[in-house]
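Only the coordinates and a few stated rules stand behind these numbers; no lab work does. If you're wondering where the values come from, they're calculated on a predicted model, not measured in any experiment. Neighbour counts run over all protein chains shown; Cβ positions are idealised from the backbone, glycine included.
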Amino acid sequence: MTALRSFLLPALWLLVVPANSFAAGREQTLIVAHRGLLQHAPENTLANFRACLELRLGFEFDVRRTKDGHLVCIHDETVDRTTNGTGTASEMTLEQIRQLDAGKWFDPRFAGEKVPTVEEVLKLVAEYRRHDVLVAVDLKAENVELDVVRLAEQHEVLDRLLFIGNTISEAQVRDRLKRASSKAHTAAVANNAAEFPMALAALHTDWVYLRYLPSSVQMEAVHRARKRAFLAGPTVADNLPANWQQAVAVGIDAVLTDCPLELRTALRREAGR
């Protein structure tokens, strides 16, 4: 918690800005921090996600299943890169994974951070019910849809989640999510403009997941279909203000980026013009 406070205090000025706001009179573009605040705290940890929520930012997290059936939040197949341990997450028990340190590799001030369970992440989101944020759930394991949806319903946060990962490319995953709950938000991917019509028409979807900068015509089509657009990938992941501005100008609903604080600054700057 001390490490979290040391990060939050210099950034408290951001809290006076309306959540994810930009030019007056336009709808909000939601900012989603890729694996949290990657540059400021260890990825996929509760300390990181709490910082996002305190700053009124959404975030993305990854879902894998342990050997004994528990759902945990970790990006890689192995624990090697983001903990002080080694091994494949799906071949380890929850107890084995929880013994690992998931923070010290990033900075000694985060020593003691654990790999969180998905339930812990969703419980944390539930603590910030008044914040208008979008949380993207990257499903990296097979057949976890029902379990994640039930946990989200238990903590009353299902409406704040967007399922991505396997969801965006596998119709059967979207079908399982919708069978688990018709209120589960899903997306289909368009890697380029040629794939846009199919992604827009995909069944069991509420969002179009874009990996390129769309045109205003395409965005109008998304909104006519009563869907929303989620922009990710190399055009917006890094600090790319010109691309962010173009995305906001055509009406993108949410942006996934490694630079959420820089994106917020750019949106504030645009709003002040």
task: Would you be able to tell me the number of residues in segment 132-153 that are among the small types (Gly, Ala, Ser) and either more than 23 Å from GLU43 (Cβ to Cβ) or outside any loop (DSSP other than H, G, I, E, B) (or both)?
output: 2
field: In segment 90-119, the residues that are among the acidic types (Asp, Glu) and under 23 Å from PRO260 (Cα atoms)
entry: ASP107, GLU113
query: Within segment 199-247, restricting attention to residues that are charged (D, E, K, R) and not in a loop (DSSP other than H, G, I, E, B), which residue is surrounded by the most Cβ atoms within 10 Å (Cβ to Cβ)?
result: ARG228
query: How many residues, within segment 80-132, are within 30 Å of ASP206 (Cβ to Cβ), in contact with a helix residue (DSSP H, G or I) (Cβ under 7 Å, 6 or more places away or on another chain) and acidic (Asp, Glu)?
result: 2
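Results for (1) among the aliphatic types (A, V, I, L, M); (2) farther than 19 Å from VAL248 by Cα; (3) free of Cβ contacts under 8 Å to residues at least 12 places away in the same chain, shown as yes or no for each residue.
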residue: LEU134; (1), (2), (3): yes, no, no
residue: VAL144; (1), (2), (3): yes, yes, no
residue: ASP147; (1), (2), (3): no, yes, no
residue: ARG160; (1), (2), (3): no, yes, no
residue: ALA180; (1), (2), (3): yes, yes, no
residue: ASN191; (1), (2), (3): no, no, no
residue: ALA194; (1), (2), (3): yes, yes, yes
residue: LEU203; (1), (2), (3): yes, yes, no
residue: VAL217; (1), (2), (3): yes, no, yes
message: Within segment 251-273, take every residue that is in a loop (DSSP other than H, G, I, E, B) and among the charged types (D, E, K, R) and give me the one that is surrounded by the fewest Cβ atoms within 10 Å (Cβ to Cβ).
response: ARG273
field: Candidates VAL135, VAL144, filtered to the one that is touching a helix residue (DSSP H, G or I) at 6+ places or on another chain (Cβ under 7 Å), on the phi < 0 side of the Ramachandran plot and crowded, with 20+ Cβ neighbours inside 10 Å
entry: VAL135
- request: Scan (1) surrounded by fewer than 19 Cβ atoms within 10 Å (Cβ to Cβ); (2) closer than 26 Å to ASN84 by Cβ; (3) of a type outside the set (Asp, Glu) for the single condition VAL115 breaks and write down its number.
  value: (1)
- request: Would you check which residues across segment 226-239 are of a type in the set (A, V, I, L, M) and either more than 19 Å from ASN192 (Cα to Cα) or in contact with a Lys or Arg (Cβ under 7 Å, 6 or more places away or on another chain) (or both) and list them?
  value: ALA232
message: Please determine whether any residue of segment 263-272 is under 22 Å from VAL148 (Cα atoms) and under 16 Å from the mean Cα position of the chain (by Cα).
response: no
- line: How many residues of segment 65-93 are of a type outside the set (Ser, Thr, Tyr), under 21 Å from the mean Cα position of the chain (by Cα) and assigned to a loop (DSSP other than H, G, I, E, B)? The answer is 8
- line: Within segment 94-112, restricting to residues that are among the charged types (D, E, K, R) and in a loop (DSSP other than H, G, I, E, B), the one that is nearest to LYS140 (Cα to Cα) is ASP101
